[in-house]
1. For C:Ala157, only one of the following conditions fails: (1) surrounded by 12 or more Cβ atoms within 10 Å (Cβ to Cβ); (2) assigned to a helix (DSSP H, G or I). What is its number?
2. Filter region C:133-145 for residues that are more than 43 Å from the chain's Cα centre (by Cα) and not in a loop (DSSP other than H, G, I, E, B) and give the result.
3. Check off (1) on the phi > 0 side of the Ramachandran plot; (2) in contact (Cβ under 8 Å) with a residue 24 or more places away in the chain; (3) not polar (S, T, N, Q) for B:Tyr154 and give me the number that stays unchecked.
4. More than 7 Å from chain C (Cβ to nearest Cβ) and more than 17 Å from C:Leu184 (Cβ to Cβ) - does that describe any residue in region B:40-57?
5. Looking at (1) more than 13 Å from every other protein chain (Cβ to nearest Cβ); (2) surrounded by 19 or more Cβ atoms within 10 Å (Cβ to Cβ); (3) among the hydroxyl-bearing types (Ser, Thr, Tyr), can you tell me which one A:Tyr111 breaks?
6. Could you please give the count of residues in region C:75-124 that are assigned to a loop (DSSP other than H, G, I, E, B) and either surrounded by 13 or more Cβ atoms within 10 Å (Cβ to Cβ) or in contact (Cβ under 8 Å) with a residue 12 or more places away in the chain (or both)?
7. Filter region B:251-285 for residues that are charged (D, E, K, R), within 26 Å of A:Leu65 (Cα to Cα) and in contact with a strand residue (DSSP E or B) (Cβ under 9 Å, 6 or more places away or on another chain) and give the result.
Amino acid sequence: MGLVEVQRTLARIYTDAELRERFFGDPLNVGREIGLSAEESSNLAQMSAAQIKTFADSLYGKRLLGVGKLLAMTRRTLGARFDAHFRRFAAAPVQGGTPQYLDDAMKFATYLENSLCEERVGSGWTLDLLRYEKARLKAADPKRRVVAAYFRHDISRLVRSVARKEEPPTVVKRATVALWVRSKPHGPVRYSAFSAPSLFGRGK
Amino acid sequence: MAAAGADKVLRDLPALGVGLGFREPFRGDLFMHRDRVDFLEITADHYLDAPPEKLRELELLAEHFTLIPHALNLSLASAEGVDRDYLKKLARLVRRLDPPWWSDHIAFTRAGGVDIGHLSPTVFSEEAAQVIARNVAAARELIDAPLILENITYMLTVPGGQVSEAEFLRAVLERTGCGLLLDVTNLHINSVNHGYDWRDFLRKLPAERIVQLHFVGGHWHDGILVDSHSHPTPEDVWAVMDETLRRAPVKGVILERDENIPPFSEILRELDRARELGRKHERWD
Amino acid sequence: MPTPMIPHDPDPHEIAYLRGGENEVTRSVIFALVQKGLLQISQQGKDHFVGQVAEQKERRSLSPIERRTLDWFTQPQKTSEVFHSGALASQLKPFCSAYEQRLKSEQLLTTDEMRLRARMVIVAGTLAILGLGAYKLLIALSRGRFNVGFLVVLSVAGLILLLLVCRTPRVSRRGHEYMERLRLAFERLKYGAQPSQQPQAAGVQAFDPSMLLLVGVFGVGALAGTPYDSFQQSFRRGAAGDAGTGTGSSCGSSCGSSDSSSSSDSSSSSSCSSSSGSSCSSGSSCGGGGCGGCGS
């Protein structure tokens, strides 16, 4: 079996749980489906399904770790609920294998925002924290010039408080608009937050 | 590259000493303790399409430390060849930093349009060694600095192998003329998970090609030792490092702590211990 | 001249002097003494006082400037009076002069030569603008043209522009670049500081040089939310006066740069900024075992 075919098949088996399960359940037929000869299918079927699953699980673990770092405050606030939501989100197959962290985090943030809105559990400030982190991810794109986001809470104080792991965090209900602005593509970002009724200071 | 020529290039590389895989949380402590960190290894991928903030950080680091770029995604074992766009960006970064060497892994990370998202083992065969040699040659067209290749941990053995891992590494180094970035933690982990003697493995490697080491601690999970970069270096790994430094003219070692980051004083203690080991074997001052 | 490297052993008090002069050094030194358990902040009503701790610890580790400052606090002083009276400032003047001299020799502060050069340019430029303006005015008047308003406006604008361009701020451009470098290098120290505890506990914390450096580089505002929160409240300047006091700065403009909290969270901005985040952004040599767990 050529190395190209081996690697292509392995890449698919590692990243597609459904294909993996079907392949080890019926290697010859599923192998034929994905363009393998009978001999090639039997060779690959000799690999330990358990070991491949362990490896595949580690890919999931890396995704969770990567996304968790990009949505660090939300993850810390939600705890196990964050992981549970991500498990459901990651169950859906992804075209092209493991997504890049930033794309993964953005999509998961949208998914999580919708889920939390549906659940309507807990205070709205968790949602604001998530929206903040999502907006900040958008603003990290060097080609984006402006990102604006609205919050029901004083987001600057909330973020500072959560970042410092204050218990409980400082939650002030005050309509706030935050802006991330690049004066030119690939330029530095300036962040400002404006809360009603008084304007808050500019930050960087 | 002829073996004798490759050996000379690697022999003439500067001895850098003991360093740290740079992670952003370390930045402040790093500059407070600059005299206790000899050099840094940076993850090349973090600086390839980086925003201005990361590039300023890179500039700051480059002005104060020797930086070794460590790439993740060249996928040198990929039978389909390397990603030329990624290679060009990497080449620009390496040119900018002008390091004594740079590194990537003996692994593939993508195939057939699928990004695996992780370093995956290749089959230990002559064909795979040739593939790596071809890809290294492609990298050399754009990057002059010497390349060293890192061994990875692996949970599964790809069918079709003809030789052992140690023999495969030897073959890869001979065909490519590259140096070896021996991750002693990975060596220990593989020896535990696959039941072989790491001393035996070390004996089979061309010692003169071992340029740099990685070290750190992992953790146990479901009876498997995991390369999680999350714990202090265990005594078993120190033993592997000691023996490697005894046998090989290693130029530098890097502590790769990524997770569960402890107070920086703990990091420095590990670096100090590695430094003493290297001095004991006269690898650096 | 290239921007200076960050020294192996940065002096927080000197950095404070570069950043904001004598008052910032005063804050920095007092903070050092509070951290070392030799001074304490107390409150009576609305007033904050600084005074020596009753049980004085050994002073051998104190620098000369710290020793001089400690000696000055024979009686508790109102924090507002520390700066207004000028008495402590005069005690610290020799040390500040030494900082000034060294910083000027590195051209981090505007030197007298720079000011002289700037003044000469201003004088020459003024003479040129006024001379040309006067010449044009005379020509216009001699030809019976009295619509010289635009000429006057242009001359005034030119003079203003000249003054702006030839400004000589206290900190030179090189000094600003150096401060930027220090901020970039030590920004992460802000997130090592833990949430606020009892103010009294601050005096008995083990001395942490990173906190002192934080104050030196960023000012007392950076202590907000730390065990030394009361110190920053007692010594807080107006927001406009402190460069990078830390207000709002923890709300990151770039991904994860300010909000990734403590050192127990690995860098998120590193993953964020990478376009190819597919392999380990941490744990580069992760093999089949997986970085950070097996995903169960």
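The values are calculated or read from the model by the stated rules, or taken from the named source; none is laboratory data. Worth saying up front: this structure is predicted, and the values here are computed from it rather than measured. Virtual Cβ from ideal backbone geometry, glycine too; neighbours counted across all protein chains shown.
1. C:Ala157 satisfies all of (1) surrounded by 12 or more Cβ atoms within 10 Å (Cβ to Cβ); (2) assigned to a helix (DSSP H, G or I) except (1).
2. We begin by selecting, within region C:133-145, every residue more than 43 Å from the chain's Cα centre (by Cα); these are C:134-145.
Across region C:133-145, the qualifying residues are C:Ala134, C:Tyr135, C:Lys136, C:Leu137, C:Leu138, C:Ile139, C:Ala140, C:Leu141, C:Ser142.
3. (1)
4. First pass over region B:40-57, keeping only residues more than 7 Å from chain C (Cβ to nearest Cβ): B:40-42, B:44, B:47, B:52, B:55.
Cutting the leftovers down to more than 17 Å from C:Leu184 (Cβ to Cβ) gives us B:41, B:44.
Yes; the residues of region B:40-57 include at least one that is more than 7 Å from chain C (Cβ to nearest Cβ) and more than 17 Å from C:Leu184 (Cβ to Cβ).
5. Unmet condition: (2).
6. Within region C:75-124, the first condition is being assigned to a loop (DSSP other than H, G, I, E, B), and the residues that meet it are C:75-76, C:85-86, C:106-108, C:110-111.
Those left that are additionally either surrounded by 13 or more Cβ atoms within 10 Å (Cβ to Cβ) or in contact (Cβ under 8 Å) with a residue 12 or more places away in the chain (or both): C:75-76, C:106-108, C:110-111.
Final tally of qualifying residues: 7.
7. Just the residues of region B:251-285 that are charged (D, E, K, R), to begin with: B:251, B:256-259, B:266, B:269-270, B:272-273, B:275-276, B:279-280, B:282-283, B:285.
Cutting the leftovers down to within 26 Å of A:Leu65 (Cα to Cα) gives us B:256-259, B:266, B:270.
Of everything in region B:251-285, those that are charged (D, E, K, R), within 26 Å of A:Leu65 (Cα to Cα) and in contact with a strand residue (DSSP E or B) (Cβ under 9 Å, 6 or more places away or on another chain) turn out to be B:Glu256, B:Arg257, B:Asp258, B:Glu259, B:Glu270.
This table checks each residue for (1) touching a residue at least 60 places away in the same chain (Cβ under 8 Å); (2) of a type in the set (Lys, Arg); (3) assigned to a helix (DSSP H, G or I); (4) closer than 27 Å to B:Pro52 by Cα.
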position	(1), (2), (3), (4)
A:Glu113	no, no, yes, no
A:Glu118	no, no, yes, no
A:Tyr132	no, no, yes, yes
A:Lys143	no, yes, no, yes
A:Arg152	no, yes, no, no
A:Arg157	no, yes, yes, yes
A:Val162	yes, no, yes, yes
